[in-house]
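Below is one structure; the comments refer to it alone.
The values are calculated or read from the model by the stated rules, or taken from the named source; none is laboratory data. All of these numbers come straight from a predicted model, not from anything done at the bench. Because the Cβ atoms are built from the backbone with ideal geometry, glycine has one as well, and the counts that use them run over all protein chains shown.
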Amino acid sequence: MPSTSVHLREISPDGTVRIVLAGELDLLTAPALRRALLDAVTTPGVRLVEVDLAAVRFLDCVTVGVLVAGRNAARAHAAMLRVVRAAGVPLRVLRLAGVWHLLHDLVPAETVRIPVPR
């Protein structure tokens, strides 16, 4: 099984915490990622959670769902979540899933409109 790591860095003075991920993210790693995201967004003083995907080789649809849920949890706690340094397969998956703009751009929720298929 490929190795995967989730590393949570300390909160910076501006309220940013960075979660650095590495390896392959899938159904087996989703619970650890979910815990890390929820721990970060519910920590007092955190205003921004940056999820660094530079060392991620693969992510699946379960991981996409966890990242979107993390974004929603951040918003519920008056914080923001942003995915940074995504490239290759992970970036392609996020774009194909139609969530890259939600996870990368820091746009207030009131201005985000998700089209509903008819």
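For this structure, a couple of remarks:
- Scanning segment 62-88 for residues being of a type outside the set (S, T, N, Q) and either closer than 21 Å to SER5 by Cβ or in contact with a Phe, Trp or Tyr (Cβ under 7 Å, 6 or more places away or on another chain) (or both) gives a total of 15.
- Complete set of residues in segment 45-68 that are in a helix (DSSP H, G or I) and either among the basic types (Lys, Arg) or exposed (fewer than 15 other Cβ atoms within 10 Å of the Cβ) (or both): CYS61, GLY65
- Segment 26-44, residues that are in contact with a His (Cβ under 7 Å, 6 or more places away or on another chain) and surrounded by fewer than 21 Cβ atoms within 10 Å (Cβ to Cβ): THR42
- Pairs where the first residue, in segment 1-24, is farther than 14 Å from ARG82 by Cβ and the second is surrounded by 17 or more Cβ atoms within 10 Å (Cβ to Cβ) and modelled with pLDDT under 90, C-beta under 6 Å, 6+ apart: GLY23/THR4; GLU24/THR4
- Any pair with Cβ under 9 angstrom, 6 or more apart, that starts in segment 70-86 at a residue that is in contact (Cβ under 8 Å) with a residue 24 or more places away in the chain and assigned to a loop (DSSP other than H, G, I, E, B) and ends at one that is surrounded by 15 or more Cβ atoms within 10 Å (Cβ to Cβ) and of a type in the set (Phe, Trp, Tyr): ALA86/TRP100
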